[in-house]
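Read through the structure below, which is laid out as structure tokens, and then see the notes.
Values in this text are rule-based calculations from the coordinates and carry no lab data. This structure is a prediction, so every number in the text was calculated from the model and none was measured. Cβ: placed from backbone, ideal geometry, glycine included. Neighbour counts: every protein chain shown.
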């Protein structure tokens, strides 16, 4: 990534929706590139819950005007 950082992870995707709300992937393993902010939240979730013991919801809300980074809506919940 130009001027930034990213991580590549193999994630088990429960569901993945496109911009129109259509589910494009469901219950499959997918290789995903995460930018810095989602990667940091992923690391925090692993430290708190352990690998495979949580769900992570990530929505890219786009880039606010005048800034170089993207804004995300990120939620993490422990698997019960």
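One table, with the values for the structure above:
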{"quantity": "Linear extension gain, residue 15 paired with residue 65, 0.36 nm per residue minus alpha-carbon span", "calculated": "15.1 nm"}
{"quantity": "Order by protection proxy (mean Cβ within 10 Å, highest first), peptides 55-64, 19-28", "calculated": "55-64, 19-28"}
{"quantity": "Share of alpha-carbon pairs per 10 Å distance bin for the chain, given as whole %", "calculated": "15, 49, 31, 5, 0"}
{"quantity": "10, 42 arranged by Cβ crowding within 10 Å, fewest neighbours leading", "calculated": "10, 42"}
{"quantity": "Spin-label pair residue 40/residue 22, simplified geometry with 7 Å Cα→Cβ offset, distance in nm", "calculated": "3.5 nm"}
